[in-house]
Amino acid sequence: MFRPQIQKTRVLLILAIVSIALVYIVSNSKTYINNFNIDKKYLAVDTMIESIKVIKENKSISKEDVYKTGLIGDKNSDITTVQYTDSLILKSKVVTSNPNFSAFIIDLFEETNLKSGDSIAISMTGSFPGANIAVLSACKVLNLKPVIISSIGSSSWGANTINNSWLEIEKKLNDNNIINYKSIACSIGGENDIGDNLSDEGIELIEEVIASYDIDFINESSLEKNILKKIELYKNINNYSVFINIGGSASSLGPGEGKSFIKGGIINPILKDDYSEIYFNDENLELFAQDFRKSISYRFLDNDIPVINIKNINSLLYDYGLDYLLNPDQNVVREGKLYYDIEKFNDKTVWFAFVVSILMSLFVGLYSHFEIRKKMKEDEVDSII
């Protein structure tokens, strides 16, 4: 019995299978829309990757160092200012060691409208070497002019060993011509910025480290005097476009427990006295405010200069919708929301599926039409005969 292709079960089954496959492909297609500053982010990431290669060379990697960067130190040491047991603190150290963090810093810089040639003041500690490098990588990409004052002391899992202090890391980056920025001065760090929570041996070790570098040593008799000395070294603070604090420096954020509750991210000068916006904790705000007003950060805010506070990292990433970075399985270099937005369906895929469906239907239909006409002619000849 004659049946054209369009009526054959095999052909109809093939058409159905192909159609289902096309629907599946279209429904799972995505459109990746690159961030406007993705090229800058890639460059910052490349710089940080290059930095990590130098730092981890001939260095033992701890089990806590998830990304194998050489930037995660010991839980405790002679120059450890605060010893933590909280895994969330470790997580914040680890996430800043991933090169993706430098791409996040690019976003923070551009949110504060920094442009090529701008001067920025930076306060670094040994607690977050990964964040330090991320900031310097972003500075290099945006061609900024940072003036850096550091402190050596570090909390757990930071640059808290004598042979791998922040000054040593900084020197390696400069010696290898990866990042050509150096601290102009350095303090001990820790409680009151003068190591009040360190042993005498720990303070002596830090003093020896600082003495081995060509750098000003800030070691006044009190926190207040250290703050004044640092402000003096920054010179005219009105020349800066932003002040960046990395870590929990008492000179940068003020004395006391309040500095632990200051939110991470950008602090706008108009909020300098709105402490409910600056702190997580609504209790003891007046006490916290008194301490914060003594800080270098407040001095900049009071001169209408924004502050970028790189602290309380986990909460900061949640605020920016980037909490996926806290998961090592998802924190893949150059991938994710940090670089692009994803929209459901891809226009090219949709059009491809549409064209394939039309061509497939036309082919079967036209071929069946040809078969039917051919059969009709054969039947017509047979009837004549």
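In Å and from the alpha-carbon atoms only, list the Rg and Dmax of region 34-340.
Cα only, region 34-340: 17.7, 52 Å (Rg, Dmax).
Residues with amide H under 5 Å of Leu338's amide H, sequence separation 5 or more or different chain, H placed in the peptide plane at 1.01 Å from N; which?
So Leu338 has HN proximity to no qualifying residue.
Please identify the DSSP H helices in the chain that span no less than 24 Å along the helix axis (Cα) and have a mean Kyte-Doolittle hydropathy of -1.0 or more. Before the final figure, lay out the partial values.
Working: long enough: 9-27 (27 Å, 2.39); 38-55 (25 Å, 0.49); 347-384 (55 Å, 0.31).
Membrane-span-like by this rule: 9-27, 38-55, 347-384.
With label points built 7 Å along Cα→Cβ from the Cα atoms of Leu228 and Ser87, find their separation and express it in nm.
4.7 nm
Given springs between every Cα pair under 10 Å in a Gaussian network model of the chain, which of Val332, Val242, Val355 has the largest fluctuation?
Largest GNM mean-square fluctuation: Val355.
Report relative contact order for region 34-340 in percent, whole number only (criteria: Cα-Cα under 8 Å, sequence separation at least 6).
Values: 601 pairs, mean separation 61.1, N = 307.
Relative contact order for region 34-340 comes out at 20 percent.
What is the antiparallel percent of DSSP beta bridges lying wholly in the chain, to the nearest 5? Mind showing how you got there, number by number?
On the way: 9 of 32 bridges.
Counting DSSP beta bridges with both partners in the chain, the antiparallel share is about 30 percent.
Let me know the shape class of region 88-205, please: from the alpha-carbon gyration tensor, a ≥ b ≥ c as square roots of the eigenvalues, rounded when a/c is under 1.5, otherwise prolate if a/b is greater than b/c, or oblate. Could you put the intermediate results ahead of the total?
Details: a/c = 1.88, a/b = 1.60, b/c = 1.18.
Taking the square roots of the gyration eigenvalues as a ≥ b ≥ c, region 88-205 is prolate.
Which Cα, out of Asn34, Leu233, Pro328, lies furthest along the positive dipole direction of region 34-340 (beta carbon charges, K/R +1, D/E -1)?
Result: Asn34.
Under a plain spin-label model, where a point goes 7 Å from the Cα along Cα-to-Cβ, how far apart in nm are Leu287 and Thr31?
Taking the simple label geometry, Leu287 and Thr31 are separated by 5.5 nm.
Please label the shape of region 184-234 as rounded, prolate or oblate, based on the square roots a ≥ b ≥ c of the eigenvalues of the alpha-carbon gyration tensor (a/c under 1.5 means rounded; beyond that, a/b larger than b/c means prolate, else oblate).
Since a/c reaches 1.5 but b/c is at least a/b, the shape of region 184-234 is classed as oblate.
Pop the C-beta distance of Ile358 and Val333 into the FRET formula with R0 = 45 Å and round what comes out to the nearest 0.05.
0.60
Tell me, in nm to one decimal, what length is gained between Glu204 and Ile184 on full extension, where the rule is 0.36 nm per residue of separation less the Cα-Cα distance?
Taking 0.36 nm per residue and subtracting the Cα distance, the gain is 5.1 nm.
Top mean-square fluctuation among Arg373, Arg299, Arg334, Gaussian network model of the chain, C-alpha springs under 10 Å?
Answer for the Gaussian network model of the chain: Arg373.
Hey, what number do you get for the chain at 222 nm if only DSSP H runs of n ≥ 4 count, each worth -39500 (n - 2.57), divided across all residues, to the nearest 500? Let's see the in-between values first.
Details: 14 runs with 176 residues, N = 385.
Calculated from helices alone, the mean residue ellipticity at 222 nm is -14500 deg cm²/dmol.
To the nearest 0.05, how large is the calculated FRET efficiency for Lys63 and Leu366 if R₀ is 41 Å and r is the Cβ-Cβ distance? Intermediate results must be reported in sequence, preceding the final value.
On the way: r = 67 Å, r/R0 = 1.63.
For R0 = 41 Å, the calculated efficiency reads 0.05.
Toward the positive end of the charge dipole of the chain, about the Cα centre and with charges on Cβ (Lys, Arg +1; Asp, Glu -1), which of Met124, Ser199, Ile17 goes farthest?
Ile17
Please state the shape class of region 57-105: rounded when a/c is under 1.5, otherwise prolate if a/b exceeds b/c and oblate if not, all from the C-alpha gyration tensor.
Verdict is oblate for region 57-105.
At 7 Å along the Cα-to-beta-carbon direction for both Ile14 and Tyr324, put a label point, then send me their distance in nm to one decimal.
About 4.0 nm separates the two model spin labels.
Please report, in debye to the nearest 20, how large the charge dipole of the chain is about its Cα centre when each Lys and Arg carries +1 at its beta carbon and each Asp and Glu carries -1 there. Don't jump to the answer; show the numbers that get you there.
On the way: 39 positive and 51 negative charges, 434 e Å.
With only Lys, Arg, Asp and Glu charged at Cβ, the dipole is about 2080 debye.
Once you've got the Cα coordinates, tell me which of Lys30/Lys311; Lys115/Lys272; Lys30/Lys68; Lys41/Lys348; Lys91/Lys172; Lys41/Lys93 are over 29 Å apart. Each step should come with its number before you reach the end.
Values: Lys30/Lys311 35 Å; Lys115/Lys272 24 Å; Lys30/Lys68 32 Å; Lys41/Lys348 27 Å; Lys91/Lys172 25 Å; Lys41/Lys93 20 Å.
With Cα atoms farther than 29 Å apart: Lys30/Lys311; Lys30/Lys68.
With springs only between Cα atoms under 10 Å apart, run a GNM on the chain and tell me which of Asp282, Asp46, Asp329 wobbles the most.
Asp329
All of the numbers you see were taken from the coordinates with simple rules; none came from a lab. Given the structure is predicted, the values throughout are model-derived calculations rather than measurements. Reconstructed Cβ throughout: ideal geometry from the backbone, glycine too, with neighbour counts over all protein chains shown.
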